[in-house]
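Asker: Structure below; questions to follow.
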Amino acid sequence: MISGSSAFSRENSVRIEKRTCPEPGTVRSTLQACFAILFGLVLFSSAHSLWAQSDRGVITGTVTDPSGAVITGASVTAINSATSVSTRTSTGSNGTYTIPLLPPGMYQVTAEHAGFKTYLHDRVVVEVGQTARLDVSLQLGNAKQSIEVKSALAQLRPDTSDLGTVISDQQVIDLPLAGQGEQRNPAFFMILVPGVTGRGTAYPPGGGFTFRALSTTVAGSQSGSAEFHLDGSVIANAAEFSADFRNLGFPQDAVEEFKISTIGAPAEYGRSGGGIISFALKSGTNKLHGSAYEYFRNEKLDAVPFFTNSAPSRCNQNGIPKACRPFNRQNEFGANAGGPIRRDETFFFGWYNGFHFRTPPNDLFGTVPTEAFKQGDLSALLGPQLQNCGPGRDESCADALGRPILQGQIYDPVTTRRVNGQTVRDPFPGNIIPPQRFDSVTKNIIPLFPEPNLPGIQRNYQKSAVLGNQTRQWGTRIDHSISDRNKLNGSFVWSNRFDIGFTGWPGPLGIVVPPFAENVVVARLSQDLILRPNLLNHWTFGFNRWRSGTSPSAGTFGWPAKIGLKGVNENGVFPNLAFEGQDSYSFGGVGYDAQNNFDANESLTWIKGKNMIKFGFEYLKMQSNNVSAEGDAGSFSLMSPETGIPGPPEGYTGAGMASFLLGLVDSGQANVYTSGNAERSGYWAGYAQDDFKVTPKLTFNYGLRYNLYRPTVDARNHLAWMDPTAPNPAIGGFPGTMVFATPQRRTGVDQFTKGFAPRLGFAYRFGDKTVVRASYGIFWAAGGYVRASRGLYIQGYNAFNALNSPDGGLTPAFVLEDGWPADRFPKPPYINPSIGFNSGVHILDREDGRPPYLQNWALNIQRQLAGQTLLDVAYVGNKGTHLQSRLVPTNQMPTQYLALGDSLFTSIADPTVQAVSVVQAMPVDPATGNHAPFPGFESVLGSSATLGQALRPFPQYGQEANSQIRRFYEGTGVSSYHALQVKLDKRFSQGLDFLVAYTLSKTLTDAESQFSEFSGFTADAYNRKAEKSYSINDYPHNLVLSYSYEPPFGPGKKFANVGGAAGKIVGGWKVAGIQQYQSGAPSMIFTGNPMWPLEGTNGFIARPNVVAGLPQKSAALLSGNFDPNRDTMFNPKAWKDPIPWTFGNGPRTYGNLRQFPYFNEDISIIKGTHLNELVRVDLRVDFLNVFNRTVFGLSTGGDQYGSVYADALAGGPGRIISQSNYPREIQFGLRISY
């Protein structure tokens, strides 16, 4: 903090000692040089800023006399109308004044000077993060005389250049807000603003509805890259998303207002890659006030989903088919209150919010063993003799001894033998397994199965379980005015969401989804201190904690020991068991994830002449801790081959239940954990922001921010990463080896030190009604390995041991009563360079510590219209560079080898492969005498030692299920966004307020999300140019209308101005609504990938060839007579499979082939009645999707996995079988306010 003893200048600034930033990952590193850079920024100018603190507002203006001459030394005071807390300043030599750091609210502003009448304006609205301009003209006279002004201030922003919109508390309360299986979330109102997209839910609900963080973008940014702020401090998230809606642990009823800054934010802001959303909590006032409320939903008020079968059996009523509505019960309720602790000095506001939701699981039916099955009697499985055997597939099936093979016959594995070159087993007589043959572990499990409550042997148990969750939230804010120069405030937020889980049937076998809890804690403490009238200091300390994890009861543990299963964690939960032909039982593990984030902000504002400088710094420390015991009790599959006979089609003999009774496991996995995840990262920033008021009409805004992201490390140095350039000593120095963190090198990425972010803008006022503004800025977003990985790089410290039957099920992987054969596997940790061979490892490249940066710019014209309406038109551009992506080849085979064709899947030892020239150039492996990329290639890779594997960049490694080797934090993506954004904003007057937001835009990118898992499906990483295409969140047209209207009827209104009961009936009505009309997202068309794992992202996604000249839309879609029950969206003849061993020429996304547009109207009807002067009752009905529009589609957007029309050439692309919006729902609400 800089003392306020005297003004500083370049002459008395401190000398900056030149040093270098320390190497990342040292145990006790210093940051003097980096701090020197920050202080250099602080001292680079002698000007001042009109930018508001993120949760504060500003009043500024010029004081003049009747002739228009400026008045120096006039006293200007802003008094909060609700709390009577005052802030005073005086005009400078140019007649200007600025009162910063004002909490949002209504203010009375007075201006005084000797020889002039006192000026008073009692309705100056200060909004969060905004600057209100109030120019004052003093009239000659006595100071005891006053001139009172009541006209509303213009909505123009002639002193700032950022693009942003404030959502008021009245909008937050009045507008309809749908919470689908979750409490209402105030951040969902972001869509009211131009340039913002977003649908879906804060918590992934399933059923095709997207996790909202994936569909929310601001001005063409990557999804999940915006930032939420609360009361002046960032709501930080250490892991995947900066803007995770689940981190907002407060209800909308606790929000005073919030601002969405989309483009051109000042240097005070950093880290965001896509907008800043600043929330301010409500404060107490000198009057006690509050409310209590309840919102109610029930499926009986809902419309029937489009694709719901009109008469499934469980929806029949007295034998008459009845439409089946999904069970949907939710209640949200709460109360809040605020008032004085000590009048004019100390105030409080507090709240409680609760939410309950219940719905049935998607599948209400399961399978449990019958009593006969549990006794070993599987005769119910026996069927007729199998047919279609023999060379011509025209004979009845028989074994080598001539015995008929019956469908469902159970064979005794101990009788296995060879007869005439064929495997023979004897069937159990009568298909009954004697109980004395039961496995000892099986005997202990059998009593845990419930009895069937439905007939039959399949789907014979109707589950009574209900899915759902409940949320409890409470919090408070305290404001204290020590004096008119010194103010403190603090807030505390607590939230707990508890998912009750899903128990299919009683006991440990029935826990399909374990109970799950999520806790959010947010705390803030800040001070505003006026050191001198022109020198103000503000600091904020913030703490955020987010913890989630399973919440099993005490009886959940110790089950392996109880059932006698050895070799696994015997104190763990019940192992997961999957029976072929029956069901899956238990969930198999527990774990938790906790994040702690500490944020400190310090700023000093110095007002001098035409300038005001605001400079400061920010420090953010993030901790991410993850502990998992998932699968440590084992996960086992029991299949039919162990009790079947080889020969007939698999699955026609034997049974998973029979294998279970005998304890014969076909495949299994048991995990061993020796380390959790304890990732740590940090962020430092310093900034200086200057707004130079050149003339009363022209203001320049400029600033510079320096961002220093500290790479992520592990508190115990348990990180390990694959270094693609280091030699691997285990395979003769071939490049690519695992590197383990040490105190000297704690991470695999380099410190990035060039995070300079300039900001520049201007605002010019033409007369009193028009302002032209422009801005340009660079933002360094929080990407790269400065974010936590949730344990992705704890490689070698935990083991995921798997076993499979060695011969397709003839021999089991192991027998339950013998225990899991843990002694077959080495025990972790494995600190050696050979770990990960023949599997997918995770890379850290030295460049992966580089954060992405965004360049955005805007040209904006504002025009004040009549009726307190502002027209705002802007051209907006945004360019992203080094975005988090999944574009780098990692372990994709170079495409020049595709000409080798099918031989790529041939063993490296094959003589024809050995003769290939590229193989001949490889060294000879002494162990085999074959050419190979490194010594031991065939022993390391086993059956995977093919020609194609040998030609991969890192042939010692394989791939993961959904990617090549994962370089999770690569930053090679790019994006571009251009938009026309139009806003028509009417403040409340004459009973009406509205906000109309229209965006015409185009977004191109090859990197969709800050969470790179969702960044795109790369076809050919050696041809990255083909990956840039329309974003899956590209919506060319987006129109959003929000409004609230009070008809002029009732007491004090133009019509029906009557009192008594009649007045209460006809008055107090209000209609509010949100209507959105948005273009459809681009489509993604894919086919299968026969080149996997050598090429592509995975085995089920590749791009087809486009057939030129054919329409890609189906005839039904083009005709306008599309019926999803009959038609497909696309013409399947418009694509064809690529020629073998080539890539298709189709684009990543099709901008000309879009999904269905999203049209939606949510309307609220509100009836308010004053019971007396103090108490008001509001009844409301919210009609969500009031016209019951059906939006056909795969998801609500942003999720590439849910947006793909896969298997495009195998049955007609674009077959729609899902609805991507909710049918009409009706919500009732009651609010009592006082």
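The values are calculated or read from the model by the stated rules, or taken from the named source; none is laboratory data. Model, not experiment: these values are computed from the prediction. A quick note on method: Cβ atoms are made from the backbone with ideal geometry, for glycine too, and the neighbour counts reach across all protein chains shown.
Asker: What's the number of the only condition in (1) touching a Pro at 6+ places or on another chain (Cβ under 7 Å); (2) part of a strand (DSSP E or B) that Gly1146 fails to meet?
Answerer: Against the list (1) touching a Pro at 6+ places or on another chain (Cβ under 7 Å); (2) part of a strand (DSSP E or B), Gly1146 comes up short only on (2).
Asker: Collect the residues in segment 699-728 that are assigned to a strand (DSSP E or B), more than 30 Å from Thr60 (Cβ to Cβ) and of a type in the set (Gly, Ala, Ser), keeping them in residue-number order.
Answerer: Ala720, Ala726
Asker: Give the number of residues within segment 1014-1045 that are assigned to a loop (DSSP other than H, G, I, E, B) and either within 22 Å of Asp1199 (Cα to Cα) or among the β-branched types (Val, Ile, Thr) (or both).
Answerer: Counting residues in segment 1014-1045 that are assigned to a loop (DSSP other than H, G, I, E, B) and either within 22 Å of Asp1199 (Cα to Cα) or among the β-branched types (Val, Ile, Thr) (or both) gives 14.
Asker: Right, here's the next one. Which one of these is in contact (Cβ under 8 Å) with a residue 24 or more places away in the chain, under 39 Å from the mean Cα position of the chain (by Cα) and in a helix (DSSP H, G or I): Gly840, Gly948?
Answerer: Unique residue meeting the criteria: Gly948.
Asker: To continue, here is another question. Here are Gly1060, Gly1099, Gly1088: which of them is touching a Phe, Trp or Tyr at 6+ places or on another chain (Cβ under 9 Å), surrounded by fewer than 22 Cβ atoms within 10 Å (Cβ to Cβ) and without any contact (Cβ under 8 Å) to a residue 40 or more places away in the chain?
Answerer: Gly1099
Asker: Then there is this: Might you let me know whether segment 775-787 holds any residue that is assigned to a loop (DSSP other than H, G, I, E, B) and free of Cβ contacts under 8 Å to residues at least 12 places away in the same chain?
Answerer: no
Asker: Against the conditions (1) surrounded by fewer than 16 Cβ atoms within 10 Å (Cβ to Cβ); (2) out of contact with any Phe, Trp or Tyr (no Cβ under 7 Å at 6 or more places or on another chain); (3) farther than 30 Å from Ser659 by Cα, where does Ile831 fall short? Just the number, please.
Answerer: Ile831 satisfies every listed condition except (2).
Asker: Confirm whether Asn431 is more than 30 Å from Asn544 (Cα to Cα), in contact with a Leu (Cβ under 6 Å, 6 or more places away or on another chain) and modelled with pLDDT under 95.
Answerer: No; evaluated as a whole, the condition is false for this residue.
Asker: Turning to a different aspect of this structure: Among the numbered conditions (1) more than 32 Å from the chain's Cα centre (by Cα); (2) of a type outside the set (S, T, N, Q); (3) crowded, with 21+ Cβ neighbours inside 10 Å, tell me where Lys1136 comes up short.
Answerer: For Lys1136, the exception is condition (3).
Asker: Just to be sure I understand the filter: pairs with C-beta atoms under 8 Å, separated by 6 or more residues or on different chains, first member in segment 916-939 and hydroxyl-bearing (Ser, Thr, Tyr), second member in a helix (DSSP H, G or I). Which pairs pass?
Answerer: As it stands, the answer is Thr928/Glu938, since those pairs meet every condition given.
Asker: Name the pairs whose Cβ atoms lie under 8 Å apart, with the first residue in segment 1173-1201 and over 23 Å from Pro1223 (Cα atoms) and outside any strand (DSSP E or B), the second among the charged types (D, E, K, R) and modelled with pLDDT under 95, and 6 or more positions between them or separate chains?
Answerer: From segment 1173-1201, the pairs are Gln1200/Glu1008.
Asker: So which of Asp823, Asp807 is acidic (Asp, Glu), surrounded by fewer than 16 Cβ atoms within 10 Å (Cβ to Cβ) and assigned to a loop (DSSP other than H, G, I, E, B)?
Answerer: Asp807
Asker: If you don't mind, another one. Scan Asp162, Asp169 and give me the residue that is within 37 Å of the chain's Cα centre (by Cα), crowded, with 16+ Cβ neighbours inside 10 Å and farther than 17 Å from Leu102 by Cβ.
Answerer: Asp162
Asker: Taking segment 483-498 on its own, how many of its residues are in contact (Cβ under 8 Å) with a residue 12 or more places away in the chain and surrounded by fewer than 19 Cβ atoms within 10 Å (Cβ to Cβ)?
Answerer: So the count comes out to 9.
Asker: Residues being of a type in the set (A, V, I, L, M, F, W, C) and either out of contact with any Gly (no Cβ under 8 Å at 6 or more places or on another chain) or assigned to a helix (DSSP H, G or I) (or both): count how many of those fall in segment 381-399.
Answerer: Number satisfying all stated conditions: 3.
Asker: Turning to a different aspect of this structure: From the list Gly181, Gly164, which one is in a loop (DSSP other than H, G, I, E, B) and out of contact with any Leu (no Cβ under 6 Å at 6 or more places or on another chain)?
Answerer: Of Gly181, Gly164, the one residue that is in a loop (DSSP other than H, G, I, E, B) and out of contact with any Leu (no Cβ under 6 Å at 6 or more places or on another chain) is Gly181.
Asker: What is the residue count in segment 281-309 for residues that are closer than 14 Å to Trp351 by Cβ and outside any loop (DSSP other than H, G, I, E, B)?
Answerer: 6
Asker: Same structure again: Tell me which residues, restricted to segment 737-774, are buried (at least 23 other Cβ atoms within 10 Å of the Cβ), touching a Lys or Arg at 6+ places or on another chain (Cβ under 9 Å) and not in a loop (DSSP other than H, G, I, E, B).
Answerer: Arg759, Gly761, Ala763, Val771, Arg773
Asker: Taking the conditions exactly as written (in contact with a helix residue (DSSP H, G or I) (Cβ under 8 Å, 6 or more places away or on another chain) and at pLDDT 95 or above), does Tyr352 satisfy them or not?
Answerer: Considered against the rule, which asks whether it is in contact with a helix residue (DSSP H, G or I) (Cβ under 8 Å, 6 or more places away or on another chain) and at pLDDT 95 or above, Tyr352 comes out as no.
Asker: Does segment 214-221 contain any residue that is in contact (Cβ under 8 Å) with a residue 24 or more places away in the chain and part of a helix (DSSP H, G or I)?
Answerer: For segment 214-221, residues in contact (Cβ under 8 Å) with a residue 24 or more places away in the chain and part of a helix (DSSP H, G or I): present.
Asker: Test of understanding: among Leu708, Leu704, Leu664, which residue is among the aliphatic types (A, V, I, L, M), touching a residue at least 12 places away in the same chain (Cβ under 8 Å) and over 25 Å from Asp599 (Cα atoms)?
Answerer: Among Leu708, Leu704, Leu664, only Leu664 is among the aliphatic types (A, V, I, L, M), touching a residue at least 12 places away in the same chain (Cβ under 8 Å) and over 25 Å from Asp599 (Cα atoms).
Asker: Right, Gln1112: under 23 Å from Glu1008 (Cβ atoms), modelled with pLDDT of 85 or more, of a type outside the set (A, V, I, L, M) and in contact with a helix residue (DSSP H, G or I) (Cβ under 8 Å, 6 or more places away or on another chain) or not?
Answerer: Answer is yes for this residue.
Asker: Something else now. Select from segment 1003-1013 the residues that are of a type outside the set (Asp, Glu) and surrounded by 24 or more Cβ atoms within 10 Å (Cβ to Cβ) and list them in ascending order.
Answerer: Once the filter is applied, which keeps residues that are of a type outside the set (Asp, Glu) and surrounded by 24 or more Cβ atoms within 10 Å (Cβ to Cβ), segment 1003-1013 yields Thr1003, Thr1005, Ala1007, Ser1009, Gln1010, Ser1012.
Asker: Suppose the filter is of a type in the set (Val, Ile, Thr) and exposed (fewer than 14 other Cβ atoms within 10 Å of the Cβ); does Ile445 pass it?
Answerer: Judged against the criteria, Ile445 is not a match.
Asker: Need at least 2 residues that are within 43 Å of the chain's Cα centre (by Cα) and of a type in the set (Val, Ile, Thr) per element, so show me which strands (runs of 3 or more DSSP E) inside segment 410-523 make the cut, counting only ones lying wholly within it.
Answerer: 467-483, 511-513
Asker: Inspect all residues belonging to segment 121-131 and state whether any of them is at pLDDT 85 or above, of a type in the set (Lys, Arg) and farther than 26 Å from Asn286 by Cβ.
Answerer: Scanning segment 121-131 turns up no residue that is at pLDDT 85 or above, of a type in the set (Lys, Arg) and farther than 26 Å from Asn286 by Cβ.
Asker: Let me confirm something: among Ala629, Ala633, which residue is at pLDDT below 95, surrounded by 20 or more Cβ atoms within 10 Å (Cβ to Cβ), under 29 Å from the mean Cα position of the chain (by Cα) and not basic (Lys, Arg)?
Answerer: Exactly one residue qualifies, and that residue is Ala629.
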